[in-house]
Amino acid sequence: MDKILVEGGPRLEGEVRISGAKNAALPIMAATLLAPGVHNLKNAPSLVDVRTMGKLLGVLGADVDHHDHSLTIDTKNCNEHEAPYELVKQMRASICVLGPLLARHGRARVSLPGGCAWGPRPVDFHVKAMKDLGADVKLEHGYVVAECRRLTGATIQFDIPSVGATENAMAAASLAKGRSVIENAAREPEIGALASFLRAMGARITGDGTDAIVIEGVDELFAADFEIIPDRIEAGTFMVAAAITGGDVLITGIRKEHCAAVIMKLKEMGAEITEEGADLRVKGPMWGRAVNVTTAPYPGFPTDMQAQFMALMTIADGTSVITDTIYADRFAHVPELNRLGADVGTDRNVAIVSGVKKLSGAKVMATDLRASAALILTGLIAEGETEVSRVYHIDRGYESIEKKLAGLGAKIRRVKG
Ligand code: UD1
């Protein structure tokens, strides 16, 4: 298994280009199942999760070709309706195929994703949405088994906004008979991206970006071309990399408005952030001020940036508090950060980070995608060498992170294992 070795010290300087968003690409890829034909997606990131979704679409009968950030998906021969455990267990976002399969074939058999590194993460909202649209849904032998004649428009109300369930509901309702309203819908930019792709396919959707999405079902959708939006979490991670090293980095290829909560907190910590046309220059404070962060659905502070901010807080001046309101148990990175000399304690979904003056490199283990990023970020400033193992997690969601960081002057390399 590969490892990443980071030598702490260098200030990061230069320019980095942000890749397409994993969390936009995955539901959009799944939505291609709604219409037979050849779909072309540009700015598709080269990531393990994108390849896993490609394999899943392949099992469902699609012909998938990914090169140079262009993804061509031919769904003409998609006649299968089963997403097998072997693929779904590798990536929870596989559940995104449930709505499209059901809407197109009138049946879907999708393995339950199971647990993940940070708690149970159920799929009950996804199931509820399909039932609201008139499907008969059962759980059988570890699979969600859904059937319908044709889905019927309905009001779907979520207890809390769920990104994935909103996406599944939106995709399925696009081919339902009549009007659907998704209430308490998620408002993440990735929802807007999926809505735009569905509209390009002929869907009639309004209200995305608000908490009430209205979908007038159509009888047929058509293959479409689309450009994947930039990854706001990768962008935020590089902003933290600039700040934590006291660096000066120009972040390009981003949508600044998608990063507002992260930019605000970085400024609060003392980072200097300026707009240069469409790009963003981040100059770090290195030893920033302690801040408090509470994760919340968009436009709040993203839970997917919590671990990376914790890295920054480990060397801040004072005590910072992180409250994760999205996940009760997303702190697997804490013991690993403490191995590097950080002083972090947790109490349920709250982490208390007391800033220290020095961190020292050590062998640490990546526990999940964003936790891996946090360990690499901390390695950038820890004295000596930090060896991050289990980096397959990072390959799921960051395209060539070590190459991009090395391009900014970090002493980082991958050791093939
Ligand atoms: C998506 C993102 C993930 C991010 C998360 C929260 C993708 C591919 N993944 O995950 O990176 O961390 O949003 O921003 O886009 N919930 C239920 N029942 C359900 C579904 C969700 O109780 O059926 C709960 C979850 O446990 C969580 C909350 O709802 O507490 C929000 O989760 P959700 O927005 O659904 O996350 P995902 O779509 O899985």
Sequence of Tyr327, Tyr398 from largest to smallest accessible area, 1.4 Å probe: Tyr327, Tyr398
Cα→Cβ-extended label distance, 7 Å offset, between Lys403 and Arg255, nm: 2.5 nm
Local electrostatic count, Leu87, Cβ distance below 15 Å [Lys/Arg +1, Asp/Glu -1]: +2
Peptides ranked, highest mean first, by Cβ atoms within 10 Å: ranges 213-222, 166-175, 307-316: 166-175, 307-316, 213-222
Kirkwood Rh, angstrom, the range 18-90 [1 / mean 1/r, Cα pairs]: 12.2 Å
Among 346-354, 24-32, 226-234, 129-137, the order from most to least packed when residues are scored by Cβ within 10 Å on average: 24-32, 226-234, 129-137, 346-354
Two-decimal Rg to Rh for the chain - Kirkwood Rh, Cα set: 0.98
Potential lengthening between Glu272 and Arg199 on full extension [0.36 nm per residue; Cα-Cα distance subtracted]: 22.4 nm
Protein accessible area in the range 17-71, 1.4 Å probe - carbon and sulfur %: 47 percent
Packing-based order for 64-73, 296-305, using average beta carbon neighbours within 10 Å, highest first: 296-305, 64-73
Three-way shape label, the range 68-109, alpha-carbon gyration tensor, a/c 1.5: oblate
Antiparallel %, DSSP beta bridges [both residues in the chain], to 5: 70 percent
Greater than 26 Å apart at Cα, pairs in Lys42/Lys256; Lys256/Lys411; Lys55/Lys363: Lys256/Lys411; Lys55/Lys363
Potential lengthening between Lys363 and Arg51 on full extension [0.36 nm per residue; Cα-Cα distance subtracted]: 109.4 nm
For the range 211-295, alpha-carbon Rg over 2.2 N^0.38 Å: 1.46
Candidate residues Met53, Met365: accessible-area rank, largest first, probe 1.4 Å: Met365, Met53
The range 120-210: C-alpha gyration tensor shape, a/c 1.5 cut-off, then a/b vs b/c: oblate
Where the range 43-137 is the region considered: accessible area per residue in Å², 1.4 Å probe: 41 Å²
Gain on full stretching of the segment that runs from Thr155 to Trp287 - 0.36 nm per residue minus C-alpha separation: 42.6 nm
Where N is the number of residues in the range 29-179, Cα Rg divided by 2.2 N^0.38 Å: 0.99
Fraction of accessible area attributable to carbon and sulfur, the range 201-325 (%, probe 1.4 Å): 50 percent
Residue-averaged 222 nm ellipticity for the chain, from DSSP H runs of 4+ at -39500 (n - 2.57), nearest 500: -9000 deg cm²/dmol
Acute angle (nearest 10 degrees) that the helix 232-244 long axis makes with the longest principal axis of the chain, alpha-carbon atoms: 0 degrees
Whether the range 260-417 is rounded, prolate or oblate, judged on the alpha carbon gyration tensor where a/c under 1.5 counts as rounded: rounded
Share of carbon and sulfur in the accessible heavy-atom surface of the range 116-174 [1.4 Å probe, %]: 52 percent
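The values are calculated or read from the model by the stated rules, or taken from the named source; none is laboratory data. Here the structure is a predicted model, which is why all the values come from computation and not from measurement. With ideal geometry, Cβ positions are generated from the backbone for all residues, glycine too; neighbour counts draw on all protein chains shown. For the accessible areas, the whole protein counts, side chains as well, though only heavy atoms, and no ligand, DNA or RNA atoms are used. Shrake-Rupley method; radii C 1.70, N 1.55, O 1.52, S 1.80 Å.
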